[in-house]
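Encoded as structure tokens, the structure appears first; notes follow it.
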């Protein structure tokens, strides 16, 4: 598999996760007033008890990552090939999120650059967690056990990013 394939699969997986998140969350945000509050106030999620949104976002994204990596990552392939595949998959997956961030901000300042790095690193971390389990035939049947840990890591990251000013981080 060339290096373009994991990049494409990562982008495809992110697109599927975003579409699923939009579909699922569209049932929770029904009226215009709530939608305006949501877009106008970053603390809306926390104020309305919507911490579940952050959790389900992490669940959806990590399940999508796991399911595609399980299908595409070959067990017992070379360590070098596996690392490159995981790295490019993470670039593809985080690329969509980074694109949304960049298009939403007119100026690329230090904060945006750090956010881009954070987005990439969180996805690289969870992809690497899955990859370490799926790349070895001996641990492949236990790979599903890495899913709750990846969800927890991603959820904590989402909470910290959304509430960093509230948490004084």
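Exactly one condition in (1) under 22 Å from residue 53 (Cβ atoms); (2) modelled with pLDDT of 85 or more is false for residue 164; which is it? If we test residue 164 against (1) under 22 Å from residue 53 (Cβ atoms); (2) modelled with pLDDT of 85 or more, just (2) comes out false. Please go through segment 64-81 and give me each residue that is touching a helix residue (DSSP H, G or I) at 6+ places or on another chain (Cβ under 7 Å) and assigned to a helix (DSSP H, G or I), ordered by number. Residues satisfying the conditions are 64, 65, 66, 68, 69, 70, 72.
The requirement of being closer than 29 Å to residue 127 by Cβ, at pLDDT below 50 and in contact with a helix residue (DSSP H, G or I) (Cβ under 9 Å, 6 or more places away or on another chain) is not satisfied by residue 55. Scanning for something closer than 22 Å to residue 56 by Cα, over 13 Å from the mean Cα position of the chain (by Cα) and surrounded by fewer than 12 Cβ atoms within 10 Å (Cβ to Cβ), does segment 107-124 turn up at least one residue? No, segment 107-124 contains no residue that is closer than 22 Å to residue 56 by Cα, over 13 Å from the mean Cα position of the chain (by Cα) and surrounded by fewer than 12 Cβ atoms within 10 Å (Cβ to Cβ). The residues on offer are 115, 128, and the sole one that is within 15 Å of residue 70 (Cβ to Cβ) and out of contact with any strand residue (DSSP E or B) (no Cβ under 7 Å at 6 or more places or on another chain) is 128. Residues in segment 24-52 that are modelled with pLDDT under 55 and outside any helix (DSSP H, G or I): 31, 41, 42, 43, 48, 49. Screening the candidates 99, 133 for the property of being free of Cβ contacts under 8 Å to residues at least 60 places away in the same chain, more than 30 Å from residue 76 (Cα to Cα) and either in contact with a strand residue (DSSP E or B) (Cβ under 7 Å, 6 or more places away or on another chain) or not in a loop (DSSP other than H, G, I, E, B) (or both) yields one hit, 99.
The values are calculated or read from the model by the stated rules, or taken from the named source; none is laboratory data. This is a predicted model, so every value here is computed, not measured. Heads up, the Cβs are rebuilt from the backbone with ideal geometry, glycines too, and the neighbour counts pull from every protein chain shown.
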